[in-house]
Each structure stands twice: as structure tokens, then as C-alpha cells.
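Chemist: Before I ask anything, let me first share the structure, which is written out below as C-alpha cells.
The values are calculated or read from the model by the stated rules, or taken from the named source; none is laboratory data. All values reported here derive from a predicted model rather than from experimental measurement. Quick reminder, even Gly has a Cβ in these numbers, built from the backbone with ideal geometry, and neighbours come from all protein chains shown. Side chains are part of the model used for accessible areas, which takes the heavy atoms of the whole protein and leaves out ligands, DNA and RNA. Shrake-Rupley method; radii C 1.70, N 1.55, O 1.52, S 1.80 Å.
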Amino acid sequence: MADPDLAIIGAGPAGMAAAVTAARAGLSVVVLDEQARPGGQIYRDVDRAGPEHGAILGADYMQGTTLTQALRSTPVAHIPGAVVWAIEDGFRLSYTIGDRSAQMTAPRLLLATGALERPMPIPGWPLPGVMTAGAAQILLKGSGVLANRAVLAGSGPLIYLVATQMVRAGVPPLALVETRTAGGDLIRAMRYLPGALRGWRGLAKGLGLLAQLRRAGVPRFTGATKLAVEGLDRAEALRFHAGGRDHRIACDTVLLHHGVVPNTQAARSLNVGHCWNAMQQAFVPVLDIWGGTDRPGVFIAGDGAGIGGAGVAEIAGRLAALQIAQEAGHLSKAERDAQAAPLRRARARELAIRSFLDTAYPPCPEALRPADNTLVCRCEEVTAGEIRRAAMLGCLGPNQAKSFTRAGMGPCQGRYCGLSVTALLAEATSQSPDTTGYARVRPPLKPVTLAELAAMDITTSQGDQDDRTDRHQPTHEQDRQA
């Protein structure tokens, strides 16, 4: 089999929708995804976990089965468990499955790499027993496990969803500690309420989650400041100030969350242009109306293009696939535009609530500007104070910060500390985030061992991939037999 017409990285809602749309238009499509089964983070493991935990995870989660079923019934080569660690000109993709690496080439590339939870550096956040709210969801979806005696802290609708899922599972959180302020953030968001009413279903869902939490008697604190996790060898309590007094909640687990941000590492490695989105407090790629970038042949769809949610991601994947099919000669412009028109209307409805949410649930200010003794780069154990001192010594951007402090040089390659480093330097140097910039990303995008490199079969074609794997669910034994 020849190289595919289109390679897609990521099998979340954007990647699955794009793959199905492109394949139905006549393109040969390969989807590489790190997970064992399609779904991405939002629909993670939905085919397996859905029947068992669907009542806990909710109806929105179960909608992912529509996409996974479409992927299975469409002639798409899905390669699960594939960690893409390099993208070179061509586009030649290097990836690892299990203990061996392989390569493939495609003339067109769609990045559907989704989002990352925004790191929330507060005192005590590196302690065992502290994790993100999204990580708690992964445990539930992947293993049916929920944290006991947990406190949810931060900002954003996700903490309501996770708290409600915990209530349904019979393990309610000890409390919700929100950094959002009713008197400030919510009032500022009201100017976007008329537009948000177009997306009234999203508002209704949020109000429904809050009602469930009230009925369950989950304590809720708003406008919390001075958050800190206490403990010696592990998390023992969350300390904070709210309602004019100090609080301390003893717990075994602290679940932190204050939003998600686009995962831009793969796009950055291709030198795709990015700009600062002030409302979402993150860098986003510069795209055209189809998800095309300033790098010909490279498209981005889903939350990796800017946070919009699962519905927007699915639509963006379909729109990008239509443009790719048109460029490849499989659709006329008229056919593309006719299919795109209802998708654009649906996308506008889905995005109507976004400005309201982004304003009503901003990131925690104290985590965006952590105290000097708080770690921001956990890989290299670099504190916020070290970043600020580097700025005083003349460090103007994250690339220089690597030399000054090694921030961003650990295994995560700056995925988790990158925005914090940019924000700290921008504030210290009185520059904009765009001027300050982001750390330069080079391969490998993910850690890769010498053994995996040595085992690479550089002659492996996509046809070989099809021979050694089931199109949708290869086994590790089949991988070893390649």
C-alpha cells in the first residue's frame, strides 16, 4: 500500500470526525493515537468504560460511541498505542509502539492533539496525593477508580462535572473550593450572557450539575485565595482563605483544576505560527477558516486549535477534512462549501457560550503568578523565584530561561511549565506574552529510548502496518511479530 493521503495524529473527537469525513470522500487515511482505544481524553475508553460506568460519567460522555462506531465502520487505518515523537519534512512521522519505532510519510497532516490541563502551581502541589481533576477522570474511565476523601479546588466547569460524577459514584468530594469570584468574574461575564443564551443547553447543563451538588450537600466555597496543600510526605489538607476567614480541610487527595489549554507541542515543532489568546490565557495556532496553518499541508483541529469543547472539536475535524479532500481533488469547491455550511452554523451555536465561560471561570491568579518558593518546572525543580531572578539578569524569553535555569528541559519538554515560564518572564520584563514567546520545541516530542530507535524498521510501509495489525485493535503480540 502506498503512503496515505492523510495522516492524523490523535483519535479524539476532532481526529475521529476528520478521519471518517476524509475517508468517505475517498482519501486513504491513517490515524495514530497514543491510547489503546479511540476517544481522546473527553471520550476516553468510551467503548469499554461506557457500558460499565455510563450512568456515572453521563450522557455527554456516551455520545462518543457515535464517533468510535463510525471510525470502526469506515476504511480508516487506526494505529493505537502509537507515540509520535518526531515530525519531519515530507511529512515523515516517527513513532513508537511498545518497544519498537517505525516511520511513515504522508503529504498532508492533521494535528488533533487536543488539550492539556493548565498546571496549577500552588504551595504543596508536587506532594503525592495531589493530581488534576482530569487525572481523576482518567482513573475513573480507565480503571473505575475514584479518589477517597478528596477536595476539588480551582476554577472551571470541569470541577462541577468531576464532582457530580463522584457523587453519582457514591464517593462525593469533601468540598469544592473555587477561585472564581461571584462579585468580579461573574459580573464581568454578564456582558457575554446574551450571546451565551444561544448556547442555552450548555448553561442548562451547568445549572443542572450545580443543582445535583447542592442536593448531595457538597460544601462549596467561592472566591478562595491563598490556596496551599499541607503535608510532609503526602497531601494531608488544603488550606485557603474564603468568606473573610481562613479554612483548612483535612483530606487524602487534592484535585486541582483551573482550565485547559491547547496542546501545541507538535505544531510548535513544525514552526507553525502561534499568537496569544488573552481570553483563554494561552497560545493558539494561527489558522484559516478550515483549520489550515501557515505551513502548507498542515491542519489543526479540536482543542489544540483553541479551547471549544468536544462538539466544536468534532465539527472542526469535519471542516478540515472537507478542505483537505478538496485540495486533494476528491471534492469540488461547491461540494465542499455545501457540506461545510451547516457545520459552520452548528459551530457558531457551540461557540456561543465560550466567551461567557472563559470570562466567568478565569485561571487562578495566584497560580498564574506563583510565589517565589513555588515550583513551576517540576521536571527540573525550578521555582518561580528562579525564573524571576533570571529575568533580572537579562533573560527575556523561555529559550534563554533554559540556559539560565534548565526550565523546560525535562522529560515533558515544557508541555506543563511552558505557559508558566512565559507568564513569569512577561510580567518581570513588562513584555507581552507574544513578545516573550514560547520555548522552542524540538524532537523528540516525547521520550524515546535508544532501544526503540535501534529497533526501528525504516523500511516499514503502511502496508506492513496493515499486515501486522488489525485495523482497529492491534495487540502487543502482533506488534512484536512485525
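Chemist: Taking the range 295-306 on its own, how many of its residues are surrounded by 24 or more Cβ atoms within 10 Å (Cβ to Cβ) and not in a loop (DSSP other than H, G, I, E, B)? Give the steps one after another, and end with the answer.
Modeler: Step one: filter the range 295-306 for residues surrounded by 24 or more Cβ atoms within 10 Å (Cβ to Cβ), giving 299-305.
After this cut, where a residue has to be not in a loop (DSSP other than H, G, I, E, B) as well, the list is 299-300, 303-305.
Summing the residues that are surrounded by 24 or more Cβ atoms within 10 Å (Cβ to Cβ) and not in a loop (DSSP other than H, G, I, E, B) in the range 295-306 gives 5.
Chemist: Search the range 430-459 for residues that are within 16 Å of residue 264 (Cβ to Cβ) and modelled with pLDDT of 90 or more and pair each with any residue that is charged (D, E, K, R) and surrounded by 14 or more Cβ atoms within 10 Å (Cβ to Cβ) when their beta-carbon atoms are under 6 Å apart and the residues are at least 6 apart or on different chains.
Modeler: These pairs meet every condition: 441/268.
Chemist: Could you tell me which residue of the range 266-294 is modelled with the lowest pLDDT, considering only residues that are surrounded by fewer than 23 Cβ atoms within 10 Å (Cβ to Cβ) and over 18 Å from residue 437 (Cβ atoms)?
Modeler: For the range 266-294, the residue satisfying everything is 279.
Chemist: Can you pull out every residue in the range 1-47 that is within 13 Å of residue 320 (Cβ to Cβ), in a loop (DSSP other than H, G, I, E, B) and more than 21 Å from the chain's Cα centre (by Cα)?
Modeler: If the condition is that a residue be within 13 Å of residue 320 (Cβ to Cβ), in a loop (DSSP other than H, G, I, E, B) and more than 21 Å from the chain's Cα centre (by Cα), then 25, 27 are the ones that fit.
Chemist: I've got another one for you. Need the failing condition index for residue 342 against (1) within 22 Å of residue 87 (Cα to Cα); (2) free of Cβ contacts under 8 Å to residues at least 24 places away in the same chain; (3) open to solvent by 40 Å² or more (accessible area, probe 1.4 Å), just the number.
Modeler: The one condition residue 342 does not meet is (1).
Chemist: Has the range 6-13 got any residue that is open to solvent by less than 20 Å² (accessible area, probe 1.4 Å), in contact with a Lys or Arg (Cβ under 6 Å, 6 or more places away or on another chain) and modelled with pLDDT of 95 or more?
Modeler: Yes: the range 6-13 contains one or more residues that are open to solvent by less than 20 Å² (accessible area, probe 1.4 Å), in contact with a Lys or Arg (Cβ under 6 Å, 6 or more places away or on another chain) and modelled with pLDDT of 95 or more.
Chemist: Of the residues 188, 180, which single one is surrounded by fewer than 23 Cβ atoms within 10 Å (Cβ to Cβ), under 26 Å from residue 421 (Cα atoms), modelled with pLDDT under 95 and in contact with a Ser or Thr (Cβ under 8 Å, 6 or more places away or on another chain)?
Modeler: Numbers: 188 fails: under 26 Å from residue 421 (Cα atoms).
After applying the criteria, what remains is 180.
Chemist: Right, here's the next one. Given the conditions (1) assigned to a helix (DSSP H, G or I); (2) open to solvent by 10 Å² or more (accessible area, probe 1.4 Å); (3) at pLDDT 90 or above, which single one is not true for residue 171?
Modeler: Of the numbered conditions (1) assigned to a helix (DSSP H, G or I); (2) open to solvent by 10 Å² or more (accessible area, probe 1.4 Å); (3) at pLDDT 90 or above, the odd one out for residue 171 is (1).
Chemist: Any residue that is surrounded by fewer than 16 Cβ atoms within 10 Å (Cβ to Cβ), over 30 Å from residue 240 (Cβ atoms), without any contact (Cβ under 8 Å) to a residue 40 or more places away in the chain and touching an Asp or Glu at 6+ places or on another chain (Cβ under 9 Å) - is there at least one of those in the range 61-69?
Modeler: Among the residues of the range 61-69, at least one is surrounded by fewer than 16 Cβ atoms within 10 Å (Cβ to Cβ), over 30 Å from residue 240 (Cβ atoms), without any contact (Cβ under 8 Å) to a residue 40 or more places away in the chain and touching an Asp or Glu at 6+ places or on another chain (Cβ under 9 Å), which makes the answer yes.
Chemist: Considering each of 84, 20 in turn, give the residue that is at pLDDT 95 or above and within 28 Å of residue 452 (Cα to Cα). Can you show your working first?
Modeler: Working: 20 fails: within 28 Å of residue 452 (Cα to Cα).
So the residue among 84, 20 that is at pLDDT 95 or above and within 28 Å of residue 452 (Cα to Cα) is 84.
Chemist: Related question: Please give the number of the condition residue 103 fails out of (1) part of a loop (DSSP other than H, G, I, E, B); (2) over 21 Å from the mean Cα position of the chain (by Cα).
Modeler: Answer for residue 103: the failing condition is (1).
Chemist: Which of the residues belonging to the range 425-440 are surrounded by 18 or more Cβ atoms within 10 Å (Cβ to Cβ) and in contact with a strand residue (DSSP E or B) (Cβ under 7 Å, 6 or more places away or on another chain)?
Modeler: 433, 438
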